[in-house]
1. Can you run down the residue pairs with Cβ atoms below 7 Å, 6 or more apart or on separate chains, where the first is in region B:145-173 and crowded, with 24+ Cβ neighbours inside 10 Å and the partner is among the basic types (K, R)?
2. In region B:174-191, what count of residues is obtained for those that are surrounded by fewer than 18 Cβ atoms within 10 Å (Cβ to Cβ) and either within 16 Å of ligand 2 (Cβ to nearest atom) or closer than 18 Å to B:V87 by Cα (or both)?
3. For residues that are in a helix (DSSP H, G or I) and touching an Asp or Glu at 6+ places or on another chain (Cβ under 9 Å), scanning just region B:168-216, find the one that is nearest to ligand 1 (Cβ to nearest atom).
4. Looking at (1) surrounded by fewer than 13 Cβ atoms within 10 Å (Cβ to Cβ); (2) among the hydrophobic types (A, V, I, L, M, F, W, C); (3) under 24 Å from C:P119 (Cβ atoms), find the lone condition where A:L9 falls short.
5. Say whether the condition of being touching a residue at least 40 places away in the same chain (Cβ under 8 Å), crowded, with 20+ Cβ neighbours inside 10 Å and either within 26 Å of B:K86 (Cβ to Cβ) or within 16 Å of ligand 1 (Cβ to nearest atom) (or both) is met by at least one residue in region B:239-249.
6. Among the residues of region B:22-57, which ones are open to solvent by 70 Å² or more (accessible area, probe 1.4 Å), on the phi < 0 side of the Ramachandran plot and either more than 11 Å from ligand 2 (Cβ to nearest atom) or among the β-branched types (V, I, T) (or both)?
7. Among the listed residues A:Q49, A:Q65, identify the single one that is of a type in the set (S, T, N, Q) and out of contact with any strand residue (DSSP E or B) (no Cβ under 7 Å at 6 or more places or on another chain).
8. Of all residues in region C:11-45, how many are open to solvent by 80 Å² or more (accessible area, probe 1.4 Å) and not in a helix (DSSP H, G or I)?
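The values are calculated or read from the model by the stated rules, or taken from the named source; none is laboratory data. Worth saying up front: this structure is predicted, and the values here are computed from it rather than measured. Positions of Cβ are backbone-derived with ideal geometry, glycine not excepted, and every protein chain shown enters the neighbour counts. Ligands, DNA and RNA are excluded from the accessible area calculation, which covers all protein heavy atoms including side chains. Shrake-Rupley method; radii C 1.70, N 1.55, O 1.52, S 1.80 Å.
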Amino acid sequence: MQNTQDSKLHTQARRIRKDELAARNYRLAASFPLFLLLIMVVGFFLRTQPLLEHSSVWEILSGMQWRPSAGEFGLLTFISGTLSVTLLALLLAAPLCMLTSLFLVEYAKRRALTAILPAIDLLAGIPSVVYGVWGLLVIVPLVPQISSFVQPWLGSIPLFAANNPTGYSILSGGIVLAVMISPIIISVSIEVLRSVPDGLRHGSLALGATRWQTIKKVVLPRAMPGLIAAIVMGLSRAFGETLAVMMVVGNTPLIPRSIFDPGYPLTALIANNYGEMMSIPLYDSALMGAALLLLVIVIIFNLGAALVLIRANRRAQV
Amino acid sequence: METQIKIRDLNVYYNKVHALKDINLDLPRGQITVIVGPSGCGKSTLLKTLNRFHDLADDTQVTGHVELDGVDLYAPDVEVTEVRTKVGLIAQRPFPLPMSIFENVAYGMRIHKLARGKELRDKVKHYLEVAGLWDEVKGRLNTPARDLSIGQQQRLCLARGLAVEPEVILGDEPTSSLDPISAKFIEERLEELKKDYTVVLVSHVLRQARHLADYLVFMYLGEVVEAGPAEQVLNAPKNDRTRAYLQGEFY
Amino acid sequence: MKKRWTLAHLEDRAMRTIMQLASLVLVGVLAAILVTIFIRGLPFLDLDLITKTPQGGFFLGGEGGILNAIVGSLLLAGGGTLLALFISLPIAFGINVYTGASRLASLLRMALDVLWGIPSLVYGAFGFTIMIAFGMRASLGAGILVLTLLQIPIMVRSMDEVMRMVPSELSQAAYSLGATRLEAAWSVLVRQALPGLVTAVLLAFGRGIGDAASVLFTAGFSDRIPTSLASPSASLPLAVFFQLGSPFPEVRGNGYATALVLTVLILFISMLSRFLARRLSRNVIR
Ligand SMILES: Nc1ncnc2c1ncn2[C@@H]1O[C@H](COP(=O)(O)OP(=O)(O)OP(=O)(O)O)[C@@H](O)[C@H]1O
Ligand SMILES: [Mg+2]
């Protein structure tokens, strides 16, 4: 009797010890993401260090000249390429995706939604290079036509000026990216909109509000934080995309002034030149600096989004 | 008794489920009608036909007529939002809108442009008083409505519904998610409201039905088995099923 | 109660129409992508393409296929997914079971969000600097390692999501029977979350196959099927990319066909994950 009691206690003690050991190990494992993030930032920073001793951060960020052999590593051209393509993608995708998600959840028949949702999820998984192929086949040939079509009206505005006979342009990159991130944004947005309880909608409709009034005053305020998160998710994908953009954007190191101009995003710069980066002094440091820049922007982006989310969440509580 | 709502040959189908079968009813103006019957007999379904809430579901079919003061709510040229303005609904569970207490009551008035500025503030106060909530919330009108207790939320929803000046108020077991004291509070409000409004309630609680009803409708398996002045149905039911139900033989 | 065209109703109508148009445009474009890939790829798709490795002059319009890229992609993504699974599960456990709803947990989730948003190119560049530091060359092994890093945030985030959905009453039921956290996690959490976990793994696998920028730096490209972890490996997205850069129409055509193969592979994985999730969710208590 005494014996079994003892052994029982013994096993129990062992189980608890095992649990405590596991707790320590799992907590350690859980800190891995933080650790990885830190190593990446520090690693890129150390590799960028030689360049920073050579020229100041400001010189690098605002420099227009990229001549590695002359020791000039101005990134402004590439930063402007990345920003303009991403911004254009956002301007195209965000409204279309919001309208589509709202239509599917608030107006369309349930059956239409359940039929379309799996297809959207499938499309969200399609590799970016496939979107690039489509851009090359369809969008690049289409853009010169769009350009000559809008010239009579908008040609005098610099943003729409046509200086580029080919379709390899900021607009092509923006369209491809917009289409690429749409399934992601829609899929998340639909989830967010569906998590708004029907009781809220009914509360508003029962007062004689129209669907749109209900959406505007009840659904959107409530869903806003989630919708912002959805757009931010899409935005980070567009921002860091490499191959799909490279295939259609022209990769000409000029600051784009019109949406029909070619551009040269940071990602394309790194991907095109990493092979030779050990051949010229400081070249590798400059490319790693470009990667660090991408990393830092993504981090700032996420922190910013988190802050916006916290604030928007607080407002949605009201 | 003056009839305000006239229901003729009403049928409702959920896909294949025939939920309401040939309903014919006359509901009196300025009284409280209580619909009772066992679970799944179609009480909520009937109530939703009165403010055309079935429009919101894809697979639900409504045939027949519901007339409010002689106007067929289902006529093609009738505007559904107007129907819902005239016929208010208090849901089973309160769903305060994601805004402040004040804005919740002001919401409908803003949408229908019924009042603004000082007048709006006065009306918000008035309807909060009618719903018996004013004294509890007058100091915190701008705080989120969801911070209220469930009972207070339900009274807020009542104030919100009254603010668009309906003629009929529907309630689908509006007290069933509340504690007994809050429930009693709502009941008292409803009793006072029948001075100015026609009230149609679904209730599961026989005590509540006995207490509130001027007119009683007993439903069973999608049909109206018996309907009439509450006194008469309660004390001398004509139908055996009604009697059995009232004696608590089934729920 | 007659219909009147008030401003509110006009607005409702207008918005509805705009939304309908937007949906049509977007869904139409997305469908057009699949159609384009099929129409342009199908004529160039034949048995040789998926059963042979590139022969001499393949990238100049010569004989052969893309078996090297198919096998390479499967090895890269498969290896990465396996490694990522072994690392992600403890991370997801650690966050869910052992840090709970604390501040630390939200910090970790935020770090994961940031990692999720980091461009795959940056992962590639990171792997590349490490390879240079250790004097390694582009290889299957290096590609697998970088894909692992890339897949971890994808996997942990979706695992975390499904584990958070498991009602806490279930774990509490296990605790009330005297189970430790570890035992409860393995018995209740994993079983409940299994369909979600399978989806998470397949999602990461799909991303691994489709990702190009990271393996561009680390796995290189090769016309042969890799024989060891140290030999360079081809991958499908890069095969598409390189073939499309060719001036020969025949080679570009093969590129379209390769894109089609890649798309079909991804569609297959998506459907498999759907099917498995449905299968496995039979044992789940809701
Ligand atoms: N959305 C729906 N789809 C299909 N069938 C439905 C739907 N809603 C209700 N029903 C069916 O219609 C019948 C009537 O339902 P209803 O909700 O009106 O009953 P009820 O009298 O309100 O019941 P309870 O007292 O439980 O609320 C039931 O058989 C129910 O199963
Ligand atoms: Mg009911």
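1. Every condition considered, the pairs that remain are B:L158/B:R189; B:A163/B:K123.
2. Matching residues across region B:174-191 total 3.
3. Within region B:168-216, the subset in a helix (DSSP H, G or I) is B:180-193, B:206-212.
Add one more test, that the residue is touching an Asp or Glu at 6+ places or on another chain (Cβ under 9 Å), and what stays is B:208, B:211-212.
Values: B:Q208: 13, B:H211: 19, B:L212: 17 Å.
The extreme case among them is B:Q208.
4. Condition (3) is where A:L9 drops out.
5. Here is the first cut: in region B:239-249, the residues touching a residue at least 40 places away in the same chain (Cβ under 8 Å) are B:245-246, B:248.
This time we only want the ones that are crowded, with 20+ Cβ neighbours inside 10 Å, so: B:245.
Add one more test, that the residue is either within 26 Å of B:K86 (Cβ to Cβ) or within 16 Å of ligand 1 (Cβ to nearest atom) (or both), and what stays is B:245.
Yes, there is a match, as at least one residue in region B:239-249 is touching a residue at least 40 places away in the same chain (Cβ under 8 Å), crowded, with 20+ Cβ neighbours inside 10 Å and either within 26 Å of B:K86 (Cβ to Cβ) or within 16 Å of ligand 1 (Cβ to nearest atom) (or both).
6. Residues of region B:22-57 open to solvent by 70 Å² or more (accessible area, probe 1.4 Å): B:22, B:24, B:29, B:39-40, B:48, B:55.
Of the ones still in play, those that are also on the phi < 0 side of the Ramachandran plot are B:24, B:29, B:39, B:48, B:55.
If the condition is that a residue be open to solvent by 70 Å² or more (accessible area, probe 1.4 Å), on the phi < 0 side of the Ramachandran plot and either more than 11 Å from ligand 2 (Cβ to nearest atom) or among the β-branched types (V, I, T) (or both), then B:N24, B:R29, B:D55 are the ones that fit.
7. Details: A:Q65 fails: out of contact with any strand residue (DSSP E or B) (no Cβ under 7 Å at 6 or more places or on another chain).
Only one candidate qualifies: A:Q49.
8. Going through region C:11-45 one residue at a time, the tally reaches 0.
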